[in-house]
Amino acid sequence: MFANQPLSLVISLIIGVYFINPTWGYYYENVYVTNCNDEEECGTVDNCGWVSNGIATREGMFDSYCTCSSGTQYVCTYELGGQSYYANECSGKEKPPCDIQCGLEVCIQTEEGFMKTGKIVSACPHYHPVNNAQCCAASDEKSRAAYCTCLTQNTIDVSFEVYNAIGNKNQFVKVWSGACETENYATSSTKVVLTNKDSISGWSYKLYVNPVSPDISVYWVKAKPSNSDYFVSCNKEYDYYNCGPFDDNKYQYEGPMSIQVGTSYGGYHNLYNILSVDEDGASYTYDVTQSDGKQAFTEDEGSDGNKSPPTTVIAIIIVVLLVILIVIGAVIYVKRRNNKGVVEFKEEYGVDANNNSGDIHRDGQVGNDTPTKPKDEQHVEQDEIEINQTVDTEV
């Protein structure tokens, strides 16, 4: 009996932990991530309060469930990933109440290794009338991936904070219960991924250019096939760049394709012969911090296609302005200096009222005569003469 006590104790502990936290140990792969931005779009259920890293999990994940009190009704048939599905909603368009693990922390990990902790605040019910209406209204594969996936497979709808941290894109991830032990955000990445959207079609080439970090902006893209002599600008269309036509030659362009990419990280990269023109989905990843192939902007291209002065031009402008300021300052100084000299000259040497028709010289002379003495000195000399005369008369 006692020999089985350790095993019984372990089983009891496991059962106890389960009842304390029934979601302990839950782990999901191939979970699709979509973005619901904020509280208004993500919503909250089960009296759960909103948090900035809030997420909504598909019904059934982490022991969540929702119920339709009067059954379901057919809405539409949709296609997703090459398969057909039925969309059904609660009868009478009832919004089903849900039971979730409110506030449960879960760790989300992407294929690139980015990790962010989210908190469950809402759910994505299979039969919610709004979810099904959005899915049935989706007109293309991309829209259906955003609105219908929740109805067909495990999905988490995450807030902007979480979406931004894991790469700012819809993707498949791993999710498990408990906060991430360490967090690694896409915002710290300096990589850019280039991917063929389509092979050469007609005389153009379509290309995805996706910085991993949402903090890095793509300013412009240029492309050149191996049998073309020049890079040409690519136009942004939706989420891809449309490049071409490359020149006036009417022949099939040949790969591999060379790409130039200018980003907000500073400068641009020349990436020569990196992508096939025949293989759809071919991709190439580079780091904006790498020096290989990187150059400063030689064209004044900014984030919206407008031109901004390169560093060398700015430096030249600054030097020219400094020279102009120095010259202006020197001219002002010389003028003030000359004006000051004229004033000092008059005060120091003066002009006698009785001899103001003569030329004034630096030695203080008027014309060629002896310098005229001030009137006070003249009076003193006159008084001395009169005194001497008086003395002589008395004697």
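The values are calculated or read from the model by the stated rules, or taken from the named source; none is laboratory data. Bear in mind the structure is a predicted one, so any value in this text is a computation, not a measurement. No Cβ is skipped: glycine too gets one built from the backbone with ideal geometry, and neighbour counts run over all protein chains shown. The protein model used for the area step is the full one, side chains on, heavy atoms only, and it has no ligands, DNA or RNA in it. Shrake-Rupley method; radii C 1.70, N 1.55, O 1.52, S 1.80 Å.
In table form, for the structure just shown:
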quantity: Odd one out for ALA123, checked against (1) touching a Lys or Arg at 6+ places or on another chain (Cβ under 9 Å); (2) free of Cβ contacts under 8 Å to residues at least 60 places away in the same chain; calculated: (2)
quantity: Matching residues in segment 138-157 - criterion: being modelled with pLDDT under 95 and among the aliphatic types (A, V, I, L, M); calculated: ALA138, ALA145, ALA146, LEU151
quantity: Filter pass, LYS222 being modelled with pLDDT under 90, of a type in the set (Lys, Arg) and in a strand (DSSP E or B); calculated: no
quantity: Subset tally (residues that are among the charged types (D, E, K, R) and under 30 Å from TYR74 (Cβ atoms)) for segment 148-207; calculated: 1
quantity: Candidate set: segment 281-330, residues that are part of a loop (DSSP other than H, G, I, E, B), of a type in the set (A, V, I, L, M) and surrounded by 11 or more Cβ atoms within 10 Å (Cβ to Cβ); chosen: the one modelled with the lowest pLDDT; calculated: ALA282
quantity: Residue pairs meeting the criteria (Cβ under 8 Å; at least 6 apart or on separate chains; first open to solvent by 60 Å² or more (accessible area, probe 1.4 Å) and among the acidic types (Asp, Glu), in segment 17-45; second modelled with pLDDT of 60 or more and not in a loop (DSSP other than H, G, I, E, B)); calculated: GLU29/LYS174; ASP38/SER159; ASP38/PHE160; GLU39/GLY54
quantity: Matching residues in segment 59-71 - criterion: being among the polar types (S, T, N, Q) and in contact with a helix residue (DSSP H, G or I) (Cβ under 6 Å, 6 or more places away or on another chain); calculated: SER70
quantity: Residues of segment 158-177 that turn out to be in contact with a helix residue (DSSP H, G or I) (Cβ under 9 Å, 6 or more places away or on another chain) and either at pLDDT 95 or above or of a type in the set (A, V, I, L, M) (or both), as a count; calculated: 6
quantity: Which listed residue, of TYR230, TYR238, is open to solvent by 30 Å² or more (accessible area, probe 1.4 Å), modelled with pLDDT of 80 or more, among the aromatic types (Phe, Trp, Tyr) and touching an Asp or Glu at 6+ places or on another chain (Cβ under 9 Å); calculated: TYR230
